[in-house]
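The values are calculated or read from the model by the stated rules, or taken from the named source; none is laboratory data. Only a predicted model underlies this, so the values are computations on that prediction, with no experimental measurement involved. Positions of Cβ are generated from backbone atoms using ideal geometry, with glycine treated the same way; all protein chains shown enter the neighbour counts. Only protein heavy atoms, including side chains, enter the accessible area calculation; ligands, DNA and RNA are left aside. Shrake-Rupley method; radii C 1.70, N 1.55, O 1.52, S 1.80 Å.
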Amino acid sequence: MDDATQQTIYLKDYKPFPWLIDDVHLTFRLDGTATRVSSRIAFRPNPASDGGAFFLHGDGVTLIGARIDGRPVTPVVTAAGLTCAVPDRAFTWEAEVEIAPAANTALSGLYMSNGMYCTQCEAEGFRRITFYPDRPDVMARFHVRIECALPVLLSNGNPTGSGPDWAEWTDPWPKPAYLFALVAGDLAAHPGAFTTMSGRQVALNIWVRPADLAKCAFGMQALIRAMEWDERVYGREYDLDIFNIVAVDDFNMGAMENKGLNIFNSALVLASPQTATDLNYERIEGVIAHEYFHNWTGNRITCRDWFQLCLKEGLTVFRDQQFTGDMRSRAVKRIDDAITLRARQFREDGGPLAHPVRPESFVEINNFYTATVYEKGAEVIGMLKRLVGDDAYARALTLYFDRHDGQAATIEDWLAVFADVTGRDLTQFARWYGQAGTPRVSVSDAYADGTYTLTLRQTTPPTPGQPDKQPQVIPVAVGLLNPNGDQVLPTTVLELTQAEQSFQFSGLSSRPIPSILRDFSAPVILDHPLGNATRAFLLAHDTDPFAKWEAGRTLARDVVAAMILHGTAPDPAYLDGLRTALRADSLDPAFRALVLALPSEEETAQALHGAGHIPDPLAINQSHEALRRAIAGHLADLLPGVVAAMAVPGPYSPTAQAAGQRALGNAALWLWSRLDGGLAAQAQFAVADNMTMKLAALASLLAIGAGRAELAAFHAAWSGDRLVMDKWFGLQVAHAAPAQAATTAAALTAHPAFDWKNPNRFRAVFGALAGNMAGFHDAGGASYRLLADWLIRLDALNPQTAARTSTAFDSWRRFDTGRQALIRAELTRIAATPGLSRDLAEMVGRMLG
Ligand code: 0A1
Ligand code: ZN
């Protein structure tokens, strides 16, 4: 490991770059092993800076030559970049460098994927392309010339010229280097068009390999819906003549918002009914919208430094969540988002990787593209909106766009627009950005003489580097029901600002039943002791869809905890509650599917750990399975009918309504398979004409230890389709029995189609292994060893994906001492590996604590 690159960077050390750039000209002569990049950059002194050395980042680029104002210079080149004596006035810098994209396995900077050149520059990849001030507060207009014999040559902005084997692009909007992109390949376009609200005609394209052209229509429709929505809801219009999306098979993340040239992991853009599930369709729609929305929240207004990452990511996730809520079901989307937040962010917040939404230090910024920055960052914005109201939120956003357009901004700037619009003091609210850990809110109540008193207490546990926490501003949305199930207090937002606070509601005729944290109004853990009967009452009667679902969820959690801790049989109150919900035809099928699902094993483990127990992964797995069988038995008279009734007739349509029906039918099939030995699932697998129904049937079969023939048939049908094969790899590991998970995963790594250098394929196996909790933590530690071996192997080629996947170990301190010792040994072994990347070294170091 290179010690020079092991430094910790601190937010408090921020200093502006001493120079400004107006224009940068780049010429690329593309070649797999020797690409030449020439740069011409106009620098002038930055009046906001108190000076400093001229330093340009550079990482693995070979300097061929450099000139200042036309005269050759000899910079001092180090592993991190170069320094050079420069005039203290405006000057022109020119440099030529050489890089080898075909040898770039890290997929950061300029690299090759299936014969196509592409780039990924966020966060700090541009320095792997040429020497440059690779920091988000240096914004410049980019002029790009690409020379290459491949037919399609793309970069940011508008096309300004092309000829045989060359193309030029100019981006009129100043941008930081992390938004630079270039693509060259043998690609075909699925075209589209959009006319903006002021009448600008925009050409749209989704560029793919010609064989994938039939899988682009849905992505194009999603893009157009996102463009319309951003105009209608946020007043934001697109600002170039062309918008290009490119699908790439080898990509570390989901997608990237490069100005006018979004680059996507092909898994998040390509869809056909035969190859993509309903969930894939929904994610494609959401991610296409997310990247498009970045055009304003991220690109036009960017981040001053990487500590402000949540400024663009939290806001853009919040916007894509709103969009999905508007396109589909708002209630279902809110529940889905709460489930994801708990599974990923609460887990992160409760372990050694906990960090504030705005971190104060990092070693490798790529390790901070986390659930906390993204999803908790979005929740913080949702709370702000709830506290100030919809009108003030809209005015604050308009002010934000007006005031900061073209700037690299901070969280302070963001909060200031809200303070200015509302006159509110947001000092305490700002703690949401600085304090890590999930607040716990506990509830107690009293009733006397028509007055109901709710007492709320908040505490936030210590997190690494933050032993003591201050109370936060927590919006707690509550409603009250009377014992008949009628609402006696409509949703009211209580502002919890103290460690303990009481709220009174008077004029009641009887003791009400409280419905608390409606709409999941804050990302907190609610400790609200209620009997099973009261939870079942709320599941039946609550008028807030989130709280209604949550009542069933907490009931399920309590039932499963009682099974694990005391061997108690499932409470009939829960089973009857499910029966009622399943039969409630007036409820959205997608909602009923959510009610029918058990909490994840991860959620149960968190709950047990939070209650002071040591979770036993195998006991959790067995109790979940026992509960599923009990539910199936209790609903045996209904389930086959639901499976049949929810089969959507006619050709596949990805609408939320059709997807919701399939979700309910498949939730019923999942349970029913426990009783019918998989007959219904086999039948469904045989006739299904779309991937949603096929995959659900296959999952149900694998979960009961069947499905070998179907797995082989699936392989035979889809061995030529990478994205479908990722599902084939992942599903087997996800549904392997606990004692078989490691051997299943290991066998798959020996499969000829296990292309481990492809991040999607690597994640298919190891993401699924980490997600199979009982299998990952199977006694003996075979899964731990397997994962550690592969992380070490991948790290040498692709540190980012290795580091991300290592988070599988982050919950290790919850478990018993035997498992802790096994995991600690693996983490220590990884840490001791010579040449470990900065990325993985930081993660393992933080996990070891
Ligand atoms: N900004 C992108 C996410 C992203 C981040 C880093 C990447 O490479 C290291 C790639 C993509 C988004 O929010 O979609
Ligand atoms: Zn984003």
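Both numbers refer to the Cα atoms of the range 718-817; Rg and Dmax are 12.9, 45 Å. How would the range 108-212 be classified by its alpha-carbon gyration tensor: rounded, prolate or oblate, with rounded meaning a/c under 1.5 and the a/b versus b/c comparison settling the rest? Since a/c reaches 1.5 but b/c is at least a/b, the shape of the range 108-212 is classed as oblate.
The value of relative contact order for the chain, using C-alpha pairs under 8 Å at least six residues apart, is 9 percent. Within the chain, what whole-number % of the accessible surface is contributed by carbon and sulfur, with the 1.4 Å probe and all protein chains included in the calculation? Ligands and nucleic acids excluded, carbon and sulfur reach 54 percent.
Counting only alpha carbon atoms, the long axis of helix 838-848 and the longest principal axis of the chain meet at about 30°.
Overall shape: prolate for the chain, with the ratio a/c of the largest to smallest alpha carbon gyration tensor axis at 1.5 or above and a/b above b/c.
Using a Förster distance of 30 Å, how high is the FRET efficiency between ALA394 and THR196, based on the Cβ-Cβ distance and rounded to 0.05?
Between ALA394 and THR196 the formula returns 0.90.
Enter the accessible area per residue of the range 431-534 (Å², integer; probe 1.4 Å; all protein chains in place).
Each residue of the range 431-534 exposes 42 Å² on average to a 1.4 Å probe.
Can you give the angle from 0 to 90° between the axis of helix 722-734 and the longest principal axis of the chain, with both taken from C-alpha atoms, to the nearest 10? The answer is roughly 40 degrees. Near ASN258, the amide H atoms lying under 5 Å from its own belong to ILE263; only residues 5 or more places off or on other chains count, and H is placed 1.01 Å from N.
Using a cutoff of 8 angstrom between alpha carbon atoms and counting only pairs six or more residues apart, the relative contact order for the range 293-416 works out to 43 percent. For the range 341-377 and the range 32-57, what is the separation of their C-alpha centers, rounded to whole Å? If you average the Cα positions of each part, the centres end up 32 Å apart. Here's how it looks for VAL73: its modeled amide H is under 5 Å from those of ALA66, ARG67, ILE68, which are all 5 or more places away or on a different chain.
When restricted to Cα atoms, the range 39-194 yields an Rg and a Dmax of 16.5, 50 Å, respectively. Its Cα centre serving as origin, the chain has a Cβ charge dipole (Lys and Arg +1, Asp and Glu -1) of approximately 780 debye.
Surface exposure of the range 668-790, expressed per residue as accessible area with a 1.4 Å probe, stands at 35 Å². A straight chain from GLU500 to THR568 at 0.36 nm per residue would run longer than the Cα-Cα distance by 21.0 nm.
Mean separation of Cα pairs under 8 Å and 6+ residues apart, divided by the residue count of the range 1-159: what relative contact order is that in percent?
With pairs under 8 Å counted, the relative contact order is 28 percent.
Counting only residues at least eight positions apart within a chain, or on another chain, the lysines with an alpha carbon under 22 Å from that of LYS548 are LYS333. Qualifying trypsin sites (Lys or Arg not before Pro) in the range 68-174, where qualification requires a DSSP coil assignment and no more than 11 other C-beta atoms within 10 Å, comprise ARG89.
From the helices alone, meaning DSSP H stretches of at least four residues, give me the mean residue ellipticity at 222 nm for the chain, per-run term -39500 (n - 2.57), in deg cm²/dmol to the nearest 500. Before the final figure, lay out the partial values.
Working: 27 runs with 334 residues, N = 849.
-12500 deg cm²/dmol, from helical runs alone.
Taking the Cα atoms only, what angle lies between the long axis of helix 708-718 and the longest principal axis of the chain, rounded to 10 degrees? Value to nearest ten degrees: 30. In whole angstrom, how far apart do the alpha carbon centroids of the range 772-817 and the range 239-270 sit? Cα centres, the range 772-817 to the range 239-270: 30 Å.
Rg and Dmax of the range 222-266, both derived from C-alpha coordinates alone, stand at 12.0, 35 Å.
At full extension, THR491 and GLU625 could sit 44.6 nm farther apart than now, given 0.36 nm per residue minus the alpha carbon distance. Taking amide H positions as modeled 1.01 Å from N, with prolines and chain starts lacking one, the residues under 5 Å from LEU182 and 5 or more places away or on another chain are THR119. Within straight-line reach of LYS259, meaning a Cα separation under 26 Å, sit the following lysines at least 8 residues removed in sequence or on another chain: LYS15, LYS175, LYS215, LYS312, LYS376.
Only aspartates and glutamates eight or more places from LYS757 in sequence, or on another chain, were considered; those with a Cα closer than 15 Å are ASP249, ASP250, ASP726, ASP789, ASP795. Considering only ALA378, GLY65, GLN274, and ranking their Cα positions along the charge dipole of the chain that arises from unit charges at the beta-carbon of Lys, Arg, Asp and Glu, the one farthest toward the positive end is GLN274. Please state the shape class of the range 299-444: rounded when a/c is under 1.5, otherwise prolate if a/b exceeds b/c and oblate if not, all from the C-alpha gyration tensor. Cα axes put the range 299-444 in the rounded bin.
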